[in-house]
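Working notes, beginning with the structure itself.
Derivation of every value follows stated rules applied to the coordinates shown; laboratory data play no part. All figures in this text were calculated on a predicted structure; none of them were measured in a lab. So basically every Cβ, Gly included, is an ideal-geometry build from the backbone, and we count neighbours across all protein chains shown.
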Amino acid sequence: MTTSLRKPQFSPEIANLVTIVSFQLTDDGLMDQLLGIALNHEAPHLESERSNIIMREAEYKRVLKIQEQEVQTALSATEDIMVDFVDVFKALLKCK
């Protein structure tokens, strides 16, 4: 089943029976692809450096998400007792 609608509305029965895949292009995604092709053609060493930077950025985002979850867990586990805040401070210092 295909559609040219930007945001199609499917009934719950159809949504449960099929897998909906969106092949929409974004300006940023297209620009990244074109930049990668141009860099690979003109300066391959810059393209490999760009790829490494993108990989490091993804890793930093993953680590940040884990640290945010640790802080949220520590905050939700604390009660109004000051001793419990030690775990929160440790989690915050680790994120620093």
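Data overview
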quantity	calculated
For the chain: rounded, prolate or oblate by the Cα gyration tensor [a/c cutoff 1.5]	oblate
Where Cα atoms sit under 19 Å apart: lysine pairs in the chain separated by 8 or more or lying on different chains	5
On Cα atoms only, tilt of 44-77 relative to the major axis of the chain in degrees	40
D (Stokes-Einstein, µm²/s), Kirkwood Cα radius, the stretch 23-76, 0.692 mPa s at 37 °C	244
Estimated FRET transfer efficiency (L25, T2; beta-carbon r; R0 22 Å; 0.05)	0.90
Length released on extending from V18 to M55, taking residue separation times 0.36 nm less the Cα-Cα span	10.1 nm
